[in-house]
Structures are given as structure tokens and as C-alpha cells.
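Q: First, the structure itself, so that you have it in front of you.
Just so it is clear, none of the values below were taken in a lab; they were calculated from the coordinates. Computed from a predicted structure; not experimentally measured. Ideal geometry is used to build each Cβ from the backbone, glycine not excepted, and the neighbour counts take in all protein chains shown.
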Amino acid sequence: LWGRISETDESLHLLRVMQDEKNAGDRPGVSSKEAVAADWSQGKVLLGTMAGRLLLWDLLSGKILRVFRGHRSCIDVVRVCWQRSEALSACRDRVIRFWKMETGECSLLRGHTSSVCCLLVNWELRRAMSAGLMDGLRLWTLESRQSVEVSRLQMGEMGRIFCCDIDWKNEKAITGSGLGVLTLWDLNLLMKIVWRNDSHGHDVYAVSFEPGSMRCLSAGEFSVCIWDQMGALQCRIEGAFGQASLVLEWKSLWLLCASDAVYLYDIPDKDTKPETGFKAKMNCQLKDERKGAHQT
């Protein structure tokens, strides 16, 4: 993560903090970019470690302010409301923990029967949605810590869930899973599938709703697709993406993709209706050609 914590200093403080984690007695490193939450205005970072601990760092001093213990295995997802000093963490021990960071108080959210791979929160509504790798979606009310099961997936039918996104306003959720299956869910009608598409043919490892719209993006190993609200393909970007990192700027309609190289694509405007399979225009490609430079 990159952030300016002063007018004159633009260093990668967070990366330095992660490298110093071994000094705290934890196994160094994180397993997922979703296990890091930063508040640049206050210069604080909450980091979920592979050892199952949450570390609250001060970026200016490079010191650990607090250690939160309770998880029994690797933490994959961290979500924080810095204004309320509250946090949620999801772990491979199948338990979600709800933290009051000022006091260290912890509440358990139980219900999943497999590793929790996705966690999305609306702090204003006090609601959360989580996805188990092999047991579907759950909707949570944070105050009561009660959940409603949205779907129990048949893994032979859809494969494992790898990613999800939610449109809180329209009560819709989208999941991407193994076997290339992309599914749109109606959260009001619980367990009702609005549409399902298996056009990727390979694992779907990233999904995103367009704010204020029902369009969505899905990314697979060999293609990135834009879909309308009825599940019709609007745009396809083809390439060997692998497990690339993707940033989609819906407002500017730019897609930044980083794998063995960095690619910037122009996405067609939502008012245009390109033919199915339309190949988006690539703006530029940046690649490190130095010997031994395999990643960007």
C-alpha cells in the first residue's frame, strides 16, 4: 500500500513495517492484500498475520501499538472502521472476530463450516456479508452477531468461492468461484439466483460492482469481462492475467492490471453497446525487460 503520511515523506512505510514484523515474535508477512487496512490520516495500520495475530502499527514511529490475539490460524481478511475503532477479521479457523480496538474486547461470529475467504462490511448499516470457501454466503447483523444463510453452495456445481462483492443499496451480491462460475444473488429473496454465467471457463478470482449501477466486472485467468445487470457480456479483455492484481476505476473507465507487466485499458462507456466479445483497447504496456525481472 502507498500513502503520504507527511508533506515531505512519500516512503513506503507500510512495506517497512511488514518486514520488521519478525521483531514482534510473529511469523513475518501476510497471506493476502485483504489482510491490511490503513488509515493514512492517523498514520495507523492494522495488519493480519500468518500467525493469527492482529498488529496495530504506528507508521510514523514504526512501533506496534497493540497486539490482538485470538485467531488460531492465518488471517486472510481485515476490515476496519477507524472512526469507531472497530474491526472485523476473518481467518482460516472459520471464525470471524469483531474487535473493539480501544478495549481489546472481542466477539465471535460463528456459522461458517469452511475457511472465510471474503468479508465485506457496511459500518453505517451495521451489516456484513461473508463468504466461506466451500459453504456459501452469510449476512450478519453486527450488534446481535446473528447471521442469515444466503446460500449453501454445492461445490460440484459451482466450485470454491474465491471472491465476492455486494451492492448494499440494491441488495445484490456477486460471487466468483472455481469452474469459472459467476453468480448474482438477490439478498432480499435469500438463496434466489438472479443469473449465473460460466463463460470464463477458469477460476474467477476478482469481481466488482459499478457504483450506482448493476454492471459488474469479473476477472479470470485468461480474461476480464464486463457484464450488464441481466448477465449479458458487454466487454471482454483477453490475455494471460494469471493471478494478477486489478484496479478498476469505474468513473474514468480505466482498468489497471499488473502481472508480468502493467497494462492500462480503456473500458467502453456504459452507453455504448459493443458486440459480445468486444475486445477493449489497451492504452499502454509497461514491462521490465531486465534479466531476472519476472514480476512488476
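Q: How big is the stretch 48-147 by the Kirkwood estimate over distinct Cα pairs, in Å? Write out the running numbers ahead of the final one.
A: Numbers: mean 1/r = 0.0731 Å⁻¹.
With all distinct Cα pairs of the stretch 48-147 included, I get 13.7 Å.
Q: Express in nm, to one decimal, how much length is gained between Leu233 and Lys100 on full extension, taking 0.36 nm for each residue of separation and deducting their alpha carbon distance.
A: On the way: separation 133, 0.36 × 133 = 47.88 nm, distance 4.30 nm.
Going from the current span to full extension adds 43.6 nm.
Q: What pairs from Lys100/Lys251; Lys44/Lys169; Lys33/Lys251; Lys63/Lys100 go past 28 Å between their alpha carbons?
A: Those over the limit are Lys100/Lys251; Lys44/Lys169.
Q: 7 Å from Cα along Cα→Cβ at both Arg110 and Arg126: what's the point-to-point distance in nm?
A: Spacing of the two 7 Å Cα→Cβ label points: 2.3 nm.
Q: Moving on to the next point. Please compute the length gained on full extension between Trp40 and Leu189, using 0.36 nm multiplied by the number of residues separating them and subtracting their Cα-Cα distance. Can you show the working numbers first?
A: Numbers: separation 149, 0.36 × 149 = 53.64 nm, distance 3.88 nm.
49.8 nm is the gain from fully extending Trp40 to Leu189.
Q: What is the gain in length, in nm to one decimal, between Glu171 and Thr141 on full extension, counting 0.36 nm per residue of separation less the C-alpha to C-alpha distance?
A: Numbers: separation 30, 0.36 × 30 = 10.80 nm, distance 1.45 nm.
Using 0.36 nm per residue and subtracting the Cα-Cα distance, I get 9.3 nm.
Q: Okay, moving on. Say each of Glu249 and Ala261 gets a label point 7 Å from the Cα, pointing the same way as Cα to Cβ; how far apart are those two points in nm?
A: So the label points at Glu249 and Ala261 sit 2.1 nm apart.
Q: May I ask you to derive the FRET efficiency for Met282 and Ser85 from their Cβ-Cβ distance with R0 = 35 Å, giving the value to the nearest 0.05? Spell out each step's value before the answer.
A: Numbers: r = 43 Å, r/R0 = 1.24.
After rounding, the FRET efficiency stands at 0.20.
Q: Which distance in nm do the two modelled labels at Ser213 and Arg69 give, with both placed 7 Å along the Cα-to-Cβ direction?
A: With each label point 7 Å from Cα toward Cβ, the separation is 5.0 nm.
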